[in-house]
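What follows is calculated from the coordinates using simple rules that are stated; it is not laboratory data. Just so you know, these numbers come straight off a predicted model, no measurement behind them. Cβ placement follows ideal geometry from the backbone for every residue including glycine, while neighbour counts extend to all protein chains displayed.
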Amino acid sequence: MKTIIKTIKTIKIDPLKCTGCRACEMACSTFHAKPQFRIVNPTRSRIRVFWDEENDVYIPILAGEYTQAECNSRYIITMNKKEYGECSFCRSSCPSRDLFKEPDSGIALKCDVCGEPMPEGGPMCVQWCASGALTYAPERTEEIELAEEEVEEGVEEL
Amino acid sequence: MRYGETGFNLEVDLSQGKSEKVETDPGLTELHLGGQGTADKILWDRVPGEVEAFSPDNLLIFSTGLLDGTPVPGANRTIVNTFSPMTNLHAHSVMGGFFGPELKYAGYDKIVIRGKAPDLVYLWIDNDKVEIRDAGHLRGKGCHETAEFVRKELKQDKVQVAAIGVAGENRVYMASIDSSCGSAARGPGPVMGDKRLKAIAVRGTKDINIARPAELFDVCMRLNKELAENPKVGDWMATDEDDSFHHDNFAWGNARTRRRGFWSKELQDRWTNLKYQHMDRQRGCYNCPKACHNVISWPGRKRFSYKCYGKDTYHMAAFQELDFSYDILGVAQEYGVDSYSTPQVIAFALELLEAGILTEKDFPGMPADIRGRFLYILERIVRREGIGDILANGVYHAARQIGKGAEAYDHNTVKKFEQLPIKLKKLNPPYFLMIATGEKMSITQIEGSFPQDPLPTREQREEFVRNWIACPDDKFKKWFLEWEKREVLPMEASCAITDWNEAMHYIDDSIGLCGFVSAFRGQFGGRTAYHVWNIPQLITLATGLDFDKDKLWKAFQRNRNLVRALNVRRGMRRKDETPPADHWAVRDHEYEQKLLDAYYRFKGWNKDGIPTKETLDALGMDYIRKEFEQRGILTS
């Protein structure tokens, strides 16, 4: 059996570089619209910038899995002497909040790394991010057994 | 269905405590675009010329730009229009940040506010749900402090808030409205205070429709990259630490003293260190790849952000250094005052003290040091305490209220508004016209497309005009190539340059583009990202309305004449179009008046600066002509 090493890429976030401009939200929401680009609405975005102007904290957060139950493993993060409670940086859409849900239907939203095929140039949020806060970069490598020719989206052959 | 815009305004009557969502006429978008253009049409229709700024019948209008909230990068302005107590004329005010797009996502192109609340309130707009809420507990709070309180109270972190500070509550004429990193100055702050409206909080989760989606996204994607890579757009002062331009050329104190050679390498290094020691990050406005705002943490003060010349005004007025601006900006921004006007008012007061027109008795308990004095006077102004109650009306009115010769110290206002402290030797003819005839009260809102000065050699000028894509007509290239001395330009060129400069601002203010990626930035290097050649395409793709360069230009002319008509109806005439006597050392009255005549003719205005019957009819604004005839402003 033939094996190859594949590099798995992922969207990496560097919050210190974020300017808080939310172009990522705009781009994601319109890219995922049906028909594509027909509407703009950051609430439909699968990436939202956590926003705390008072403390100068801007953190892009990618929508993760939907969870049916409210989380019971809540925690407090202390950053620059300010406490951020519970759900602040959570990626999930869940019954206890509006984040990462379609505003009209309530359907959960999840980042699909822009689906298949991946847009030329990478995920849309990364392409619109001028500050370098978002990058599409190698995360890990995997040894994969190849049964036949196959290409996975979001996976780049070395 | 409407594209690019929502097609609805929110009408709020604060006296009645009511609000209503009202559909707008799509025909007006074709004529005036949006933003200030359509807001001014409302002001024309609904605020008679006799209505005072502090009347409940005065309207305060928050507009989104036509392209706000679409993928167009840098289209995020909130435009605020009303009639100003300082000038008794049209108030033009814009701010960046996030408020405009959020309002559009809530389903409104504008908020039109009339009446006066019985007591301090704030407006909470949650899509279609609108509440007028008590704001007694927010009284006295800073602009950004108010935003934080409101977010906590509403338990909504994704809410945009525009608020006034203490200055606005006390109807200080220099009061601003602040939202995020944006600040709307030049008039609307005191009107918001007069209406007893402390803040507007908005949350929007609705769609904005795009007429030709894939094409628009494709163009915007390229524009976003171009903006990001183009050093000629955005605030170059965010990264270029050489600020000799303002410090060596602008006047310090009460717009009095030029300090040539003030700037030095040693100073630059010291200030650069100071900045980076205290800067948390550089921020951007909604959907813009530039990061123009320096966010500063200064010990003992609230965190603040500034851009461009805003970092210089306080320390230059006080003959201090950058650390003084850092010390006072966080205080002044929470009070909510215009950082261009306010330092001049304070410097003016101290000049009157020095001249003996005001005395120590007018400033009880004032510290002896200049920094302490600035903070002391700022405090009196925003609270309208003692002499502060007079100074809060700005230099022009304060000088007349104080009397005893104080009028002579009001040397830097036009149309009763404090101008940038620029005192030069020889007259640059388009600048004469812009300062004389501008109705946006600050040169920064008028200049911007044609370079401020000629380049020294023919080769450099040829290089400049090569690929000058933003240039709307080859005649500008010819004039620039032949331009050698600042003060020598053909009259026709001076008129056309002034017209082009202000055209771009009028377009930006109607579609919501920031001047730093558009109107203001062409003058430095000629490589602005937005211009008359690509803006029509963006409007067409976003809204579905067919626009080309000529139609865009006509919309500008309509919007320009609308502002002029609003002010003419309120009494503005040629006599008011006078730059400060000392703006240039070398003056030629006869030439200047000929220039003004030529410009009025160019604009289609009569000798008194009033749009003629022919001009108004050609723009389809015969409704203005008719009223002018009825009032005897024009003869029928």
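A few points about this structure:
- Bridgeable lysines around B:LYS361 (alpha carbons under 22 Å apart, same-chain partners fewer than 8 residues away excluded): B:LYS404.
- Structure note, pairs B:LYS141/B:LYS440; A:LYS82/B:LYS158; B:LYS104/B:LYS290; B:LYS116/B:LYS311; B:LYS110/B:LYS158; B:LYS425/B:LYS603: Cα-Cα distances above 25 angstrom occur for B:LYS141/B:LYS440; B:LYS116/B:LYS311; B:LYS425/B:LYS603.
- With contributions of -39500 (n - 2.57) from each DSSP H run of at least four residues, the per-residue ellipticity at 222 nm computed over chain B stands at -12000 deg cm²/dmol.
- Cα gyration tensor shape of the range B:431-584, rounded if a/c is under 1.5, else prolate or oblate by comparing a/b with b/c: oblate
- Difference of contour (0.36 nm per residue) and Cα-Cα distance, B:LYS425 to B:ARG256: 59.5 nm
- Distance histogram in 10 Å bins (all Cα pairs of the protein assembly as shown, percent per bin): 3, 13, 24, 27, 19, 9, 3, 1, 0, 0
- Values of log10 I(q)/I(0) for chain A across q = 0.10, 0.12 Å⁻¹ run -0.43, -0.61, by the Debye formula with one identical scatterer at each alpha carbon and no solvent.
- In this label model, B:LYS21 and A:GLU145 are separated by 5.9 nm, measuring between points 7 Å along each Cα→Cβ vector.
- Rounded if a/c under 1.5, otherwise prolate or oblate - chain B, Cα gyration tensor axes: rounded
- Over the range B:429-630, relative contact order from alpha-carbon pairs under 8 Å, at least 6 apart, %: 24
- Whole-angstrom gap from the range A:1-72 to the range B:336-412, using each part's C-alpha centre: 50
- Modelled this way, with points 7 Å down the Cα-to-C-beta line, the labels at B:THR457 and A:ILE4 are 5.5 nm from one another.
- Where labels lie 7 Å past Cα in the beta-carbon direction, separation of B:ASP119 and B:TYR623 in nm: 3.9
- If you take all other residues with their beta carbon under 11 Å from the beta carbon of B:ARG601, and give Lys and Arg +1 and Asp and Glu -1, the sum is +1.
- Cα gyration tensor category, rounded, prolate or oblate, for the range B:251-418 with a/c compared to 1.5: prolate
- Axial C-alpha extent at least 18 Å, average Kyte-Doolittle at least 0.0 - helices from chain B (DSSP): B:322-335, B:341-355, B:370-383
- Placing a label point 7 Å from the Cα of B:SER297 along the Cα-to-Cβ direction, the residues of the range B:246-288 with a backbone N closer than 15 Å are B:275-282.
- Across the range A:2-157, C-alpha contacts under 8 Å between residues 6 or more apart give a mean separation that, scaled by the residue count, equals a relative contact order of 38 percent.
- Taking chain B and dividing mean pair separation by its residue count, relative contact order in percent (alpha carbons under 8 Å, at least six apart): 15
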